[in-house]
Amino acid sequence: MTEHGRSRWRLVLISSPLQGHMTPMLQLGSYLHSRGFPITIVHSELNRPDPSNHPDFVFFSLPNNLSGTGVSSGIIQFLQALNDNCRPHLEKHLIQIINTQKETSEKESIVIIYDNLMFFAGSLAGDLGLPSIILRSSCAAFLPAYRIIPQLHLEGRFPIQDSLLQEIIPELHPFRYKDLPFNGLPIQQILQKVTMITPKTPPVAFIWNTIEFLEQWALTQIHHHYQVPTFTIGPLHKTSPTLSTSFLEEDTSCISWLDHPNQ
């Protein structure tokens, strides 16, 4: 942050309501807050985080109006409904902040950090002239692996024939065809999902919950394609541990047995 009338940064972190995405987003928020940044956590009403675990954060809830549309109804339908319903509420909120700042001397430069499943945030940030950064909670190799699927489909190499499962994919060496994500799902659903989660508005950077020396090849591929910085800050559960973020009550009944395996 800066002082003496200059701008300071406010980081707006937008997470999807899935456990594997919410947890690293909150961990990232804790890490960035420890570096002096004010943090706003934007979340849907579904699987909302507990603000009492993060008293220094501002929490903003987005009505998702899913009306019974859950993951069980199909991941494509769920994600599309989630993004469509959350966008207008966040847009209104951000416009209010921007308009208020125009009337005051206290300025904050807003940066949007969102997980890839909340893809509306990237286009919204572009429409409002705000920089956006994508947090990827998966391994870096996942991005070039799913991006190549439409090409493989056009060339007749996907869906994968059993005879190819153990073969190396030349463009993704040393990965084999059986290592591709979404294998086994209906092809049209796979192509829809790839299109949906591929960034339409280029981010100014990627943040990866990974370690650079483990994934140098994939990170290099991503940098060459998007021409933006890639920051590796994983594993977040080690660099920025937080209080429990589990949506379910943790079952610890096995701990006593694990502590005394010979009993």
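The values are calculated or read from the model by the stated rules, or taken from the named source; none is laboratory data. All values reported here derive from a predicted model rather than from experimental measurement. Methodologically, a virtual Cβ is constructed for each residue, glycine included, from the backbone with ideal geometry; neighbour enumeration extends over all protein chains shown. Heads up: the accessible areas ignore ligands, DNA and RNA and are worked out on the full protein's heavy atoms, side chains in. Shrake-Rupley method; radii C 1.70, N 1.55, O 1.52, S 1.80 Å.
Which one is modelled with the lowest pLDDT among residues in the range 181-195 that are aliphatic (A, V, I, L, M) and open to solvent by 20 Å² or more (accessible area, probe 1.4 Å)?
That would be LEU185.
Could you please give the count of residues in the range 180-215 that are more than 20 Å from LEU165 (Cα to Cα), part of a helix (DSSP H, G or I) and β-branched (Val, Ile, Thr)?
Number of matching residues: 3.
Check PRO170, PRO131, PRO150 and return the single one that is within 16 Å of the chain's Cα centre (by Cα), at pLDDT 90 or above and open to solvent by 40 Å² or more (accessible area, probe 1.4 Å).
Every option except PRO131 fails the conditions.
List every residue pair whose Cβ atoms sit under 6 Å apart, with the two residues 6 or more apart in sequence or on different chains, where the first one lies in the range 76-102 and is farther than 20 Å from SER132 by Cα and the second, anywhere, is part of a helix (DSSP H, G or I).
ILE76/GLN192; PHE78/VAL71
Looking only at the range 102-128, which residues are polar (S, T, N, Q) and at pLDDT below 90?
Residues satisfying the conditions are THR104, SER105, SER109.
Suppose we filter LYS178, LYS200, LYS238 for residues that are at pLDDT 90 or above, open to solvent by 80 Å² or more (accessible area, probe 1.4 Å) and not polar (S, T, N, Q); which single one remains?
Going through LYS178, LYS200, LYS238 in turn, just one is at pLDDT 90 or above, open to solvent by 80 Å² or more (accessible area, probe 1.4 Å) and not polar (S, T, N, Q): LYS178.
Only residues that are under 21 Å from ILE187 (Cβ atoms), touching a Pro at 6+ places or on another chain (Cβ under 9 Å) and open to solvent by 20 Å² or more (accessible area, probe 1.4 Å): list them for the range 134-147, please.
PHE142
Just a yes or no: is a residue in the range 25-38 among the hydroxyl-bearing types (Ser, Thr, Tyr) and at pLDDT below 90?
So far as the range 25-38 goes, no, none of its residues is among the hydroxyl-bearing types (Ser, Thr, Tyr) and at pLDDT below 90.
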